[in-house]
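Participant: Pasting in a structure now, in structure tokens, and then I'll have a few things to ask.
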Amino acid sequence: MSILGITLILVTLWGLAYGSARSIVWIVVPPILLVSLQLAGLLSTPVSVPLWLLYAGTLFFYVMPNLRQEWITRPLLSAFRKVMPAMSDTEKAALNAGNVWWDGELFSGQPDWQQLLRHKSCKLTQREQAFLDGPVQALCDKLDDWQITHQEQDLPAEIWQSIKDAGLFGMIIPESYGGLGFSAYAHSQAVMKIASRSVTAAVTVMVPNSLGPAKLLMHYGTDAQKSQYLNRLATGDEIPCFALTGPKAGSDAGAIPDRGIVTYGEFGGQETLGIQLEFDKRYITLAPIATLIGLAFKLEDPDHLVSEDTHPGITVALIPRDTPGISIGQRHMPLNLPFQNGPIIGKDVFIPLDWVIGGQDGIGNGWRMLVECLSEGRGISLPALSTGAGKQASRYTGAYAAVRSQFGTPIGEFEGVEEALARIAGLTYQMDAARKLTLSALDDGQTPSVISAIVKYHLTERYRQVINDAMDVQGGSGICLGPDNLMGRAYQAIPIAITVEGANILTRSMIIFGQGAIRCHPFVLKEFNAAENPNQPEALKAFDEALFSHIGFVLTNFARTFWFGITHGRLSDSPMDGPAKHYVQRLNWMSSAFALTADMALMTLGGSLKRKERLSARLGDMLSELYIASATLKRYHEEGMQTADLPLMRWAMDDSLYRIQHALRALLRNLPIRPLAWMLRLLIFPTGLPFYKPTDALDHQVTRLILRPGEARDRLTQGIYLTDTQTQRIAQLEAALIAVTEAAPIEKTLRQAKRAGQLSSRDEDAVIEEAISLGILTPTDMEKIMKARRLRNQVIQVNAFDGLSENVTEKRKTGDKVSLLDRLGVA
């Protein structure tokens, strides 16, 4: 009978842990249960006595916090300090940057779905929509990406002026300073639309509105600095750049070697307290044409002229281009995408102290400024560019696959091509969902630094996959550059998006979980802060409170994960109905599993987890896919759970759940403590691995959505540049898709008649005439078929040029020297 009694005790304790029962419940329920089981004869004395002693000991330490802290917490605090990873000042600044939002809910193991669904969706104001439909559309109409990338290798002067006149350099600057004062969503929509027309133009617009002088001035500049520069930045009278990266400091920007020394020097004919600078920067976008340089450097004050510290740290200053000692103007050429980018070198550059952003108060606070602004900026520009590329591929390559035929069948109907097209559409649905959810948080005043890293990494990686798939489908039409190639430059831009604003490999392996584990976990940051508190009594008390709350948190997720593993989450709460309900329940399961696994890794590996980058990366992948899946459900709910979009939602969710499972399996397979890995594997997946990649049937359903005109296709690709101008390949593809779709049933009738032996002609035109004479087709049918064939033939053509490039031909006419690159026709 004691076995039954112990079973009842374990079930009760599991229930208390599952429900996150309050302390009073833990105090009252166990003795009542023990007494009841003893009276019922379900617990023998030899079994009950140890249980009573365990309960009494636990209760004693609970009601005697001073003794608990002295005998239990103090040794644990000492051990924690030994294994706690060392953090530099730059790492601490990064941890304190931004805030925690939905990522914290996912880390809790018990996400509040009502909170997510209630969160306001992205919406444009009438003014913002008019801007996109007016000036941005007009700019896109003018953009000729072939002229930009191949012929001029720069934006034409007319385009530069149009960007300035439209106010596109001042989208983030408040109206009070002459800017547009747009929301993050409007900013993103503008970048996405321009990027779908020209990556070069989009990057040119992105940079002044991202991490740069305008954003830094808005957040940290003095009133005088704001008055001096913001109006001029908004109108384009000042072209900004931001110089952070150098030859010896890339992703490790905190290790910049560039130095500034506080000293007296001559400025404006007078002796002035300022900074003597030496720096070497590269990869600086807009640098060759910039008139105002934002510069990050390490400040030293050996004579304590402005600080008690001889090394105040990273500082940011605004420096006019024409300042003596600055060498600027050379260009890099990033993969032949000719946005302005180049090096900046400074030798013996002296600047007055009031050029430091924030004035004297900004000294030594540069890194905090940068990471706080980056936590916002990288959640907008690159996700917009990446999502725009996905929408381009979904619309353009989907149309091409419907129009292009091989073996008498549209290539989009081949199963191998369907697999690629389904990935294009499904990943685009995910990207846009994650982009919009992140933007809604930014517009709500959130600054989610971990989430911004998630969308930067995962959306640019999905961009890579989508465009690679598009190039596979497009074949020769994708690789032959020219005015009619809609995908080639997007393909060339992939490594640029992957590299900037935090290289992707390091973002995944060091930042997402490395920062998220401390920032988003409900108790780890409290434990770190307690351990670093030099006041020992305060540290002990704070650590004690965080530690035992952490233990309760682990027990809760242990209980929840076990129950969800058995039930596959089916009995958990879900605010959504229909097909989405089951996906919410599975995310409840995976969120709990992630929280438990993360805690087990942190507890057993301690500070060494920071060095085990691949384990950290897999934990980051789990957190990231939980966020993307959440965004997918949020989008599906916001858009009214459209029946036509159901295949896209299902594909996106199946894909994310499979990725979570894959990351978790890889993590458990490589955990160094093997018994722990086996235990977690059994606890999380007691009935086997439940998740699979999207099925072939689902791939087929998703592909159908982008192979024909329809509302689902329009929703998926909303926001990119479209035109009715029939001289442009975009409009030609749309017209061909409509014509081919209308002609498809007629073509089918014709094929059936040929198979039945009703038609004997071999020539295509003769077959149609014979079909009309026999009454199989009507003259109207013939017109539709001929129109479809004419438009199909138009869009499958690729550009071809004379043997010599246009550049060589022109130079030979003028007698200019023709270089090797000219002769090779390098774009």
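Participant: Going through segment 165-259, which trypsin sites (Lys or Arg not before Pro) have at most 11 other Cβ atoms within 10 Å and a DSSP loop state?
Facilitator: Sites meeting the loop and neighbour criteria: 248.
Participant: Here's something else I'd like to know. At 0.36 nm per residue, minus the direct Cα-Cα distance, what do residue 224 and residue 78 gain on full extension? Give it in nm, one decimal, please.
Facilitator: Working: separation 146, 0.36 × 146 = 52.56 nm, distance 4.95 nm.
47.6 nm is the gain from fully extending residue 224 to residue 78.
Participant: What is the distance in Å between the Cα centroid of segment 351-385 and that of segment 95-170?
Facilitator: The distance from the Cα centre of segment 351-385 to that of segment 95-170 comes to 20 Å.
Participant: For residue 270, put the label point 7 Å out on the Cα→Cβ axis and report which residues of segment 337-351 keep their amide N under 20 Å from it.
Facilitator: 350-351
Participant: I've got another one for you. Under a Cβ-only charge scheme (Lys and Arg +1, Asp and Glu -1), can you give me the dipole magnitude of the chain about the Cα centre, in debye to the nearest 20?
Facilitator: 2400
Participant: Now, a different point. Tell me the carbon and sulfur percent of the accessible area for the chain, rounded to whole percent, probe radius 1.4 Å.
Facilitator: 55
Participant: Related question: For the chain, what is the accessible area per residue in Å², given a 1.4 Å probe and the full set of protein chains? Before the final figure, lay out the partial values.
Facilitator: Numbers: 35300 Å² over 827 residues.
Solvent-accessible surface per residue comes out at 43 Å².
Participant: Calculate, for residue 692 and residue 259, the FRET efficiency according to 1/(1 + (r/R0)^6) with r their C-beta to C-beta distance and R0 35 Å; round to the nearest 0.05.
Facilitator: Once rounded, the FRET efficiency stands at 0.05.
Participant: Given the Cα-Cα distance of residue 611 and residue 58 and 0.36 nm per residue of separation, how much length would full extension add, in nm?
Facilitator: Numbers: separation 553, 0.36 × 553 = 199.08 nm, distance 3.62 nm.
Length difference between fully extended and current span is 195.5 nm.
Participant: Give, as a single signed number, the net charge of other residues whose beta carbon lies under 12 Å from the beta carbon of residue 581, with Lys and Arg counted +1 and Asp and Glu -1.
Facilitator: Residues close to residue 581 contribute a combined charge of 0.
Participant: A follow-up question, please. Could you give the nm distance between label points at residue 643 and residue 305, where each point is 7 Å from its Cα heading toward the beta carbon?
Facilitator: The answer from the label model is 7.5 nm.
Participant: Please report how far the C-alpha centroid of segment 441-463 lies from that of segment 181-225, rounded to the nearest whole angstrom.
Facilitator: When both Cα centres are located, 16 Å separates them.
Participant: Could I have the simple spin-label model distance between residue 571 and residue 237, label points 7 Å from Cα toward Cβ, reported in nm to one decimal?
Facilitator: Label-label distance for residue 571 and residue 237, simple model: 7.0 nm.
Participant: Take each complete run of DSSP H in the chain, measure how far its Cα atoms stretch along the helix's own axis, and keep only those covering 20 Å or more with mean Kyte-Doolittle hydropathy at least 1.6; list them.
Facilitator: Helices meeting the span and hydropathy rule in the chain are 2-18, 23-39.
Participant: Turning to a different aspect of this structure: Which loop trypsin sites (Lys or Arg not before Pro) in segment 511-603, with loop taken from DSSP, have no more than 15 other Cβ atoms within 10 angstrom of their Cβ?
Facilitator: 570
Participant: List the longest stretch of the chain that has no exposed loop site; here a site is one of the chymotrypsin sites (Phe, Trp or Tyr not before Pro) assigned by DSSP to anything other than H, G, I, E or B, with at most 14 other Cβ within 10 Å.
Facilitator: Here the longest run is 1-406.
Participant: While we're on this one: Using label points projected 7 Å from each Cα along Cα→Cβ, tell me how many nm separate residue 66 and residue 665, to one decimal.
Facilitator: 5.6
Participant: Looking only at segment 399-419, which residues have a backbone nitrogen under 18 Å from a spot 7 Å from the Cα of residue 762 in the C-beta direction?
Facilitator: Answer for segment 399-419: 408.
Participant: For every helix of n ≥ 4 consecutive DSSP H residues, a contribution of -39,500 (n - 2.57) applies; sum these over the chain, divide by its total residues, and give [θ] at 222 nm rounded to the nearest 500 deg cm²/dmol.
Facilitator: After summing the helix terms and dividing by the residues of the chain, the value is -18000 deg cm²/dmol.
Participant: I've got another one for you. Among the listed pairs 215/347; 164/248; 92/347; 142/215; 248/298, which have their C-alpha atoms separated by more than 25 angstrom in this model?
Facilitator: From the list (215/347; 164/248; 92/347; 142/215; 248/298), the Cα-Cα distance tops 25 Å for 215/347; 164/248; 92/347; 142/215.
Participant: Okay, moving on. Over segment 629-710, what is the relative contact order in whole percent, taking alpha-carbon pairs under 8 Å and six or more residues apart? Walk me through the intermediate numbers first.
Facilitator: Details: 39 pairs, mean separation 29.8, N = 82.
Relative contact order here is 36 percent.
Participant: Let me check I've understood the local charge: for residue 343, count other residues with C-beta under 11 angstrom from its C-beta, Lys and Arg +1, Asp and Glu -1. What total comes out?
Facilitator: +2
Participant: With every protein chain left in place, what is the accessible area of residue 123 in Å² (1.4 Å probe, nearest 10)?
Facilitator: Residue 123 has an accessible surface of roughly 150 Å² with all protein chains in place.
Participant: Then there's this: Taking 0.36 nm per residue of sequence separation and subtracting the Cα-Cα distance, how much length would be gained by fully extending the chain between residue 158 and residue 24, in nm to one decimal?
Facilitator: 41.0 nm
The values are calculated or read from the model by the stated rules, or taken from the named source; none is laboratory data. On a predicted model such as this, the values are computed, not experimentally measured, just so you know. Heads up, the Cβs are rebuilt from the backbone with ideal geometry, glycines too, and the neighbour counts pull from every protein chain shown. Protein only, heavy atoms only, side chains kept; ligands, DNA and RNA dropped before computing areas. Shrake-Rupley method; radii C 1.70, N 1.55, O 1.52, S 1.80 Å.
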